[in-house]
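Taking it in order: structure first as structure tokens, then the write-up.
Here, each number is a calculation from the coordinates, and none is a lab measurement. Everything quoted here is computed from the prediction, not taken from an experiment. All Cβ positions, even for glycine, are placed from backbone atoms using ideal geometry, and neighbour counts span all protein chains on display.
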Amino acid sequence: MTADEDGPLRSDDRDLPVAERVGARLAEVLDTAARELLTRDGDIEHLLGLIVAGALSTVPHVGRAGVSLVERRGTVTSYAPSDAVVAELDGLQDSLGEGPCRDSIFDEERVLVEDMAATGEQRWPRFAPAALERGVAAMCSFQLFAQEGSAGALNLYADTAHAFDESSLNIASLFASHAAIALHGTQRAAGLDIALRSRDVIGQAKGILIERFTLSEEQAFAMLSRSSQQTNLKLHAVAEWLVGEATRGRGGPPTP
């Protein structure tokens, strides 16, 4: 591997064997990502950008990269694409309902396309020609596991066929595993943050009802719950409405 392929090499790295240089570079990238995550906890967009940048600078022969995540209702959305080509191909896979990324997310842990022209045409007859037209000759998608099933996939692209050798696949697999763990932790942190904010607004709403109607805490919560059922809104949505109305000084709380 050259210095251009794995990023700038320190002077004390140049005398190391290729495998050790790659390992040192990977450790450096992962360490940097971990440090940045500590300062931006819960920022999924930032995390995915770190994953893509790390893959590009670490995995040999990778020219493009991106992450696809499964959204609600099974929609696969592109995040942090390294360029417009990746964004287009991610969008095509979702709209066409076929492609290595989708197969990786829903069926397999890893999908390797060594030669898009040779195997892609058979497995993905609509996606493969589109990838070839955009200069993608080889591709590998690694499933990113979440707490329940798969959260998405790390997608790596190369402009030459058979670009992914065993060494590059091993490095990419290690990076994908680290990325999946970091992604799961960030998603969980984001979910906990939302849950805490929801709990806070419900507490504020209960306080408003307790003050206005001289209710107990249990009675105030029951009033919110009944309003939630009658309006077919989630409890935190009712609480947000009540707090908003009280802040603006108009309207009244849901009737019991």
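Overview of values
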item: Cβ-Cβ FRET estimate between I210 and R126, R0 fixed at 41 Å, reported to 0.05; result: 0.10
item: 10 °C / 1.306 mPa s Stokes-Einstein diffusion coefficient of region 42-154, Kirkwood radius on C-alpha pairs, µm²/s; result: 113
